[in-house]
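Take a look at the structure below.
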Amino acid sequence: MMRLPSFERYPRPIRQAAVSIVGWRNRMRRFGHEYQQWRDFLQQSAEWPALQRDAWQQTRLGALAQSARSGTRYYSELLPVMEKIEGASSLREALNLIPILEKSSLRARPQDFRNSMVTEVAMTSTSGSTGSPMQVGHDALSIQRRFAFLIDQLRLADVDPKAPSVRLSGRILCEVGKQQRQPWLFNAAENQLFLSSYHLDDVHAEAIADKLGSFLPVLLDGYPSGILETLNLLRRQGRKLDSLKAIITTAETLHPETRDELIALSGVPVMDYYSASEGIPFIQQCPHGTYHVRWQSGIFEIDDGTTIGFEGDGELICTSFVQDRTPLIRYRTGDLVSGLSLQPHGRCKCGLLTPTVEKVQGRVEDLVYTVDGRALGMFTYRTLKYIDGLGETQVIQHDYSDFEVNSTVSDGHDPKVLADEVKTSFERALGYPINLRFNRVVQLPRGANGKVRLVISKVARCGAVRS
Ligand SMILES: [Zn+2]
């Protein structure tokens with residue numbers, strides 16, 4: 001088969017045209033009748049009490065199960081179980097009938113999860129932490145439903161969806177490691193500037209600051225690491241984006257210290273959201289900082305290691321109402337949250353009345369493991385927030401007592417002193433002595449998809465049953 005050159009090797013006019021063509025196609029695909037119906041439904045159902053929400057979810061689960069067992073090989077094999085779902089007396093009872101879906105099953109036999117009764121219009125490929133990609137098909141109506149939620153989050157921040165926005169993602173837009181006159185591409189269909197997160201350095205700072213200064217973005221969205229670098233670049237240039245109204249982050253874990261820094265640098269609300277490209281439901285942060293569980297997009301369960309319930313701390317298990325082509329029913333996400341609560345204290349200042357989550361902790365594999373069998377989430381946050389002089393920091397755990405730290409260092413701070421402080425702080429949290437290598441870096445290294453992972457652990461949990 002003939003190999004086409006990588007995207008970034010095409011001449012700029014071709015890349016520019018490609019971005020806009022895809023933009024127009026996406027725009028057509030996203031804003032149809034189903035989208036409008038779901039925008040309306042989100043308004044209508046905004047004040048539903050818990051009982052009404054549960055009943056709606058149970059009906060929806062029944063319909064999803066019926067479609068999945070008629071259209072997919074995997075769920076048709078579970079037919080005897082799936083047929084009992086409609087007769088269940090509660091949402092809990094209905095869910096308990098269905099086995100948990102592991103990522104490895106979806107990855108190993110993607111064809112068996114394609115719903116033959118639903119037309120596929122797009123496919124996404126996710127590179128998992130194991131390196132083997134997972135391919136997931138998508139349908140037009142589910143894409144429209146997902147956009148109803150994304151646009152609803154913009155509404156909360158009073159951002160017009162047609163206003164100029166800048167996206168920072170892991171996409172390679174132009175050749176990395178080469179100086180670029182214009183390290184961005186413009187998507188005319190959506191008034192959106194794709195800024196290359198691989199060129200946010202001093203060589204390109206002036207060009208980027210000038211471009212953003214004339215583009216007047218109202219929204220910055222994408223990876224928090226890229227948005228933070230962009231704002232720092234502008235600060236170094238002595239520039240500020242007065243046009244900005246909001247920042248929306250996703251795909252990487254947004255740590256509280258990063259959120260604070262983004263707010264301090266930009267002066268606008270920062271709203272994170274949780275979802276994933278395979279089409280799992282949404283948890284969206286509003287301008288007031290509350291993580292709202294968007295129950296209309298699916299059912300969230302929590303596995304705390306011993307039981308699976310609707311509240312508490314642990315790993316998210318999702319059933320998606322925004323993914324018909326590849327039904328995800330009780331899908332184990334590998335993502336951790338804490339403080340999922342069905343009955344928070346009344347209505348949020350943003351107007352939403354929903355279950356809430358205290359924190360999105362990150363990926364299961366982002367935990368640091370201790371020699372005595374503990375698993376520590378939010379490790380960089382809990383150990384590094386009081387050390388003055390550290391910028392963005394990445395922790396790599398090579399062994400239970402062997403750590404490597406990559407960090408940017410503010411001017412006027414001695415990396416040797418910082419290394420000692422980091423070591424002391426780690427040992428306090430871990431409870432035992434460690435070896436630590438501290439590397440001062442200009443920029444944190446990026447992993448698959450250009451994402452920055454703040455914690456990488458290469459050890460297994462002591463005494464862990466599940467791999
Ligand atoms: Zn809110």
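The values are calculated or read from the model by the stated rules, or taken from the named source; none is laboratory data. Given the structure is predicted, the values throughout are model-derived calculations rather than measurements. All Cβ positions, even for glycine, are placed from backbone atoms using ideal geometry, and neighbour counts span all protein chains on display. Surface accessibility is based on the protein's heavy atoms, side chains included, excluding ligands, DNA and RNA. Shrake-Rupley method; radii C 1.70, N 1.55, O 1.52, S 1.80 Å.
In this structure, is R446 over 20 Å from A375 (Cβ atoms), in contact (Cβ under 8 Å) with a residue 60 or more places away in the chain and in contact with a Gly (Cβ under 8 Å, 6 or more places away or on another chain)?
Here the answer is yes, as R446 does meet what is asked.
Quick one: in segment 353-405, of everything that is among the hydrophobic types (A, V, I, L, M, F, W, C) and under 28 Å from C286 (Cβ atoms), which residue is modelled with the highest pLDDT?
The extreme case among them is V357.
Among residues belonging to segment 281-303 that are under 21 Å from L91 (Cβ atoms) and small (G, A, S), point out the one that is farthest from the ligand (Cβ to nearest atom).
The residue in question is G298.
Condition first: within 16 Å of the chain's Cα centre (by Cα) and either more than 16 Å from the ligand (Cβ to nearest atom) or open to solvent by 30 Å² or more (accessible area, probe 1.4 Å) (or both). Now tell me which residues in segment 255-278 satisfy that.
Passing the criteria: H255, P256, T258, R259, Y273, S275, A276, S277, E278.
Could you list, in sequence order, the residues of segment 50-106 that are surrounded by fewer than 14 Cβ atoms within 10 Å (Cβ to Cβ), more than 16 Å from G298 (Cα to Cα) and of a type in the set (A, V, I, L, M)?
If the condition is that a residue be surrounded by fewer than 14 Cβ atoms within 10 Å (Cβ to Cβ), more than 16 Å from G298 (Cα to Cα) and of a type in the set (A, V, I, L, M), then L79 is the only one that fits.
For segment 1-39, which residues satisfy the criterion of being in a loop (DSSP other than H, G, I, E, B) and open to solvent by 90 Å² or more (accessible area, probe 1.4 Å)?
Within segment 1-39, M1, M2, R3, L4 qualify.
Kindly check whether there is at least one residue in segment 228-243 that is small (G, A, S) and out of contact with any strand residue (DSSP E or B) (no Cβ under 8 Å at 6 or more places or on another chain).
yes
Would you mind stating whether T306 is open to solvent by less than 10 Å² (accessible area, probe 1.4 Å), part of a loop (DSSP other than H, G, I, E, B) and away from the ligand (no atom under 15 Å from the Cβ)?
So T306 fails the test.
Could you give every pair whose Cβ atoms fall below 6 Å, whose first residue belongs to segment 279-298 and is within 24 Å of V268 (Cβ to Cβ) and open to solvent by less than 10 Å² (accessible area, probe 1.4 Å), and whose second residue is among the small types (G, A, S) and away from the ligand (no atom under 11 Å from the Cβ), counting only separations of at least 6 or pairs across chains?
That search, which allows pairs on different chains as well, returns F282/S275; F282/S297.
Of all residues in segment 393-435, how many are in a strand (DSSP E or B) and either of a type in the set (A, V, I, L, M, F, W, C) or open to solvent by less than 20 Å² (accessible area, probe 1.4 Å) (or both)?
Adding up the residues that qualify gives 10.
Restricting to segment 348-369, name every residue that is within 13 Å of A50 (Cα to Cα) and either of a type outside the set (S, T, N, Q) or away from the ligand (no atom under 16 Å from the Cβ) (or both).
L353, P355
Spot the failing condition for M117; the list is (1) of a type in the set (A, V, I, L, M); (2) under 15 Å from A68 (Cα atoms); (3) open to solvent by less than 60 Å² (accessible area, probe 1.4 Å), and only one is missed.
(3)
Which ranges mark the strands (runs of 3 or more DSSP E) fully within segment 156-226 that have 1 or more residues being open to solvent by 60 Å² or more (accessible area, probe 1.4 Å)?
Output list reads 165-169, 184-187.
Step by step: first the residues of segment 262-291, then only those that are of a type in the set (S, T, N, Q) and assigned to a strand (DSSP E or B), then the one that is farthest from V218 (Cα to Cα). Which residue is that?
S275
Residue-wise test of (1) touching a Ser or Thr at 6+ places or on another chain (Cβ under 8 Å); (2) farther than 23 Å from E261 by Cβ.
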residue: F147; (1), (2): no, yes
residue: P164; (1), (2): yes, yes
residue: A189; (1), (2): yes, yes
residue: S196; (1), (2): no, no
residue: E229; (1), (2): yes, no
residue: R239; (1), (2): no, no
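Restricting the first residue to segment 35-62 and requiring it to be in the same structural domain as D152 (by TED's automatic domain parsing), which pairs with a second residue that is open to solvent by 80 Å² or more (accessible area, probe 1.4 Å) and modelled with pLDDT under 95 meet a Cβ separation below 6 Å and a spacing of at least six or different chains?
Correct list of pairs: G62/E86.
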